[in-house]
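These notes concern the structure reproduced below.
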């Protein structure tokens, strides 16, 4: 089966519209229709039904959709493996990372990676759906929370770290050394919106203690939350290692939570059936070493 036909097929699956798919592919709609017919003739089955103005997948089309993604993944892996063999580098590594970790913690490691592998492009992607990114081939590696076992994935534990309260030096709690979770009960908090993994972990710990967070402002990046904290809009609750690489970390006071702190368990995640080149193996080793030293 010609992989070009597979790309054409996937484009039609994406849009369920031949004209839009043809525009994305940069070919004419009649050419696309002809190539899909060639693929259908080869397989001996119709892949799409045209019902009025709607295009839908047939049962044969649904089956091909599953296997065509695997075919393209195998093609990608083969090309990457040969490229690694011939030139010892090159290619692209896609790393899916939780937003808070991408903001501060990993940039020094990215610099180190580029120094050793200048020919390899590293794409660091901020995401809330790490496991899904890996399974759907949107990323090669991921740093996310440990979840239930999945035979398709390898999950290497990186670090378990508690969440702590971060306040400005002008905050009323700045003179304290530590706090209890109950001390947060009526505290003005700046935090991620609901749906963010860090927010959900903190909310769960608070609910178990019989209260909810009082958020006065919500943003989607750790850097903006810290700026709001520094301006004394409110305190924020973040993982223990967040401020390690922040240039202005001395402007904040970090207060450990002594009882029932929210804890996150980070893991390095990748597909168990994917080719891993030299650069990705080294990046994996550095990531494990980096989190061990935090």
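Coordinate-derived values only; no laboratory data. Computed from a predicted structure; not experimentally measured. Here the Cβ positions follow ideal geometry from the backbone for every residue, glycine too, while neighbour counts run over all protein chains shown.
Here are a few things to note about the model shown:
- With Cα atoms, 0 to 90° folded angle of helix 107-116 axis to the chain main axis: 50
- Kirkwood Rh, Cα atoms: Rg over Rh of the stretch 3-85: 1.03
- Cα centroid separation, the stretch 3-46 to the stretch 52-76 (Å): 11
- Taking all Cα pairs closer than 8 Å and separated by 6 or more residues, the relative contact order of the stretch 15-156 comes to 18 percent.
- For the pair the stretch 176-244 and the stretch 121-167, the centres of their Cα atoms are 21 angstrom apart.
- Calculated on alpha-carbon atoms, Rg and Dmax of the chain in Å: 24.0, 76
- Beta-bridge orientation, the stretch 161-263: approximately 60 percent antiparallel, per DSSP, counting only bridges with both partners inside.
- Counting 0.36 nm for each residue step from residue 232 to residue 148 and taking away their Cα separation leaves a gain of 26.4 nm.
- Given their separation in residues at 0.36 nm each and the Cα-Cα distance between them, residue 292 and residue 221 gain 23.1 nm when the chain is fully extended.
- Inverse of mean 1/r across different Cα pairs in the stretch 161-263, Kirkwood, Å: 13.4
- Computed from Cα atoms, the angle from the helix 197-208 axis to the main principal axis of the chain rounds to 50 degrees.
- Nearest-0.05 FRET efficiency for residue 16 and residue 46, computed from C-beta distance (R0 25 Å): 0.95
- Ascending count of other beta-carbon atoms within 10 Å, so fewest first, for 269, 233: 233, 269
- When 67, 192 are arranged by Cβ crowding within 10 Å, least crowded first, meaning fewest neighbours, the order is 67, 192.
- With Cα atoms, 0 to 90° folded angle of helix 59-87 axis to the chain main axis: 70
- Using C-alpha pairs under 8 Å with a sequence gap of at least 6, the mean separation divided by the residue count of the chain gives a relative contact order of 22 percent.
- Within the chain, antiparallel bridges make up roughly 65 percent of the DSSP beta bridges whose residues both belong there.
- Virtual paramagnetic centre 7 Å along Cα→Cβ of residue 7, amide N under 14 Å, in the stretch 16-56: 22-28, 32
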